[in-house]
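Below is one structure, written out as structure tokens; comments come after it.
The values are calculated or read from the model by the stated rules, or taken from the named source; none is laboratory data. Since the model is a prediction, treat every value here as computed from it, not as a measurement. Cβ placement follows ideal geometry from the backbone for every residue including glycine, while neighbour counts extend to all protein chains displayed.
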Amino acid sequence: MTVAAQEWLDLIEREYLRDFVTDGGAAVKFVVADADQLWAFSGGLTELSEQHQLAHVAIDAAATKLHMIQDVFFAIARALDWNGMAQRLVESLFDRQGYEWPRPGEAVPIHEVAERNRSDVTLMRRDVRQWLTAEVMRDTEMTQDFRVAMTRLCLRRLEPEDTQPGITTPVLEWLRGELRRVGALKEASITAKITRHNGRAMLRSLCRWLRLCGRRGLCVTLDVRQLGKTGAATGDGLRYSPAAVMDGFEVLRQMIDDAEHFTGLMLVVLADETLIGEDPKRSLDAYLALKMRIWDDVRPEGRDNPLAPLVRLGGQSTGRSTLAVVMP
């Protein structure tokens, strides 16, 4: 049995995006196809993400070091509007408390907000901090440093006219992997850089944060074709040694094993035939711990499972393409 590409996307939407992921579940899928088909897949997932209120981010291992999970997080962070997310959360908090936000979508000085709502600015400042404490600082699904950073960004939406250098820029640089010295965040009480040791925890925090800000989750397409390239084939992209390829596979294995702890995450890994080929250093055979997690070892007689962890797009790159489950 084969499944047309659009039908496979329809299955992903029906079985994962429509309810499971948007209700807080997580899934990791691998798709093997040629360049044109992968491009079409990514576009289809982008549209589905928008339809189901998921943030969508496309990552290419040619530009992002896949074997370093913190770099994957940084790539996602650079694609997101952090101030916009903080703005949506702050406006949501005020709306739930029955207050009017003077200029929707814009940062507004707290004294102006207080005037619009005929409230005392000192009392309102106290109330805002209490709301953020309850909504963000006590949410243990996010790491302590992440909660502090988001609280700071939210408070900044009420202090747009502050001429002090402040900490907003260092916080954003910290999230995007652009901060040179963590000492710049001393005032914000953020104590550690984002590294491979806390990268997955930061990604889990981000998934939770997106849902607090009105999104229903995160869809990431991760193009890993660069892992299979050597020599001149790598072009201007990153070059992965066999050891780095193994580390990249380990990052993917950890994402699969940790999936139950992510809230609203759909991760789709895009690959070419090299991933399922016979190269002992760059195919799944190089790291059996990953292969055992995504390679079907049970196949119903006469049928393939289109929702298997690993599928291969069959047919030509044009016309009606089909999907086939990869079997040993």
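Considering each of Leu290, Leu307 in turn, give the residue that is of a type in the set (A, V, I, L, M, F, W, C), out of contact with any His (no Cβ under 9 Å at 6 or more places or on another chain), at pLDDT 85 or above and assigned by TED's automatic domain parsing to the domain that holds Leu9. Steps first, please.
Numbers: Leu307 fails: at pLDDT 85 or above.
Residue meeting the stated conditions: Leu290.
For the structure I just gave you, tell me whether Arg129 is in a loop (DSSP other than H, G, I, E, B), over 30 Å from Ile256 (Cβ atoms) and either over 20 Å from the mean Cα position of the chain (by Cα) or without any contact (Cβ under 8 Å) to a residue 12 or more places away in the chain (or both). Explain how you work it out, then say what you get.
Working: in a loop (DSSP other than H, G, I, E, B): no; over 30 Å from Ile256 (Cβ atoms): yes; either over 20 Å from the mean Cα position of the chain (by Cα) or without any contact (Cβ under 8 Å) to a residue 12 or more places away in the chain (or both): yes.
Here the answer is no, as Arg129 does not meet what is asked.
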Considering only residues that are assigned to a helix (DSSP H, G or I) and farther than 14 Å from Val32 by Cα, which ones fall in segment 278-290? Asp285, Ala286, Leu288, Ala289, Leu290
For segment 38-61, name all the residues that are modelled with pLDDT under 95 and of a type in the set (Gly, Ala, Ser). Ala40, Ser42, Gly43, Gly44
If you scan segment 17-37, which residues turn out to be in a helix (DSSP H, G or I) and crowded, with 21+ Cβ neighbours inside 10 Å? Leu17, Gln37
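Just a yes or no: is a residue in segment 62-84 touching a Cys at 6+ places or on another chain (Cβ under 8 Å), within 15 Å of Leu210 (Cα to Cα) and either at pLDDT below 95 or surrounded by 20 or more Cβ atoms within 10 Å (Cβ to Cβ) (or both)? Let's see the steps before the verdict.
Our first condition is that a residue be touching a Cys at 6+ places or on another chain (Cβ under 8 Å); within segment 62-84, this holds for none.
No - not one qualifying residue is present in segment 62-84.
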By residue number, the members of segment 21-53 that are within 17 Å of Gly214 (Cα to Cα) and out of contact with any helix residue (DSSP H, G or I) (no Cβ under 7 Å at 6 or more places or on another chain) are Val21, Thr22, Asp23, Gly24, Gly25, Ser49, Glu50, Gln51, Gln53
Does segment 227-266 hold any residues that are farther than 18 Å from Gln70 by Cα, at pLDDT 95 or above and assigned to a helix (DSSP H, G or I), and which are they? Gly228, Pro242
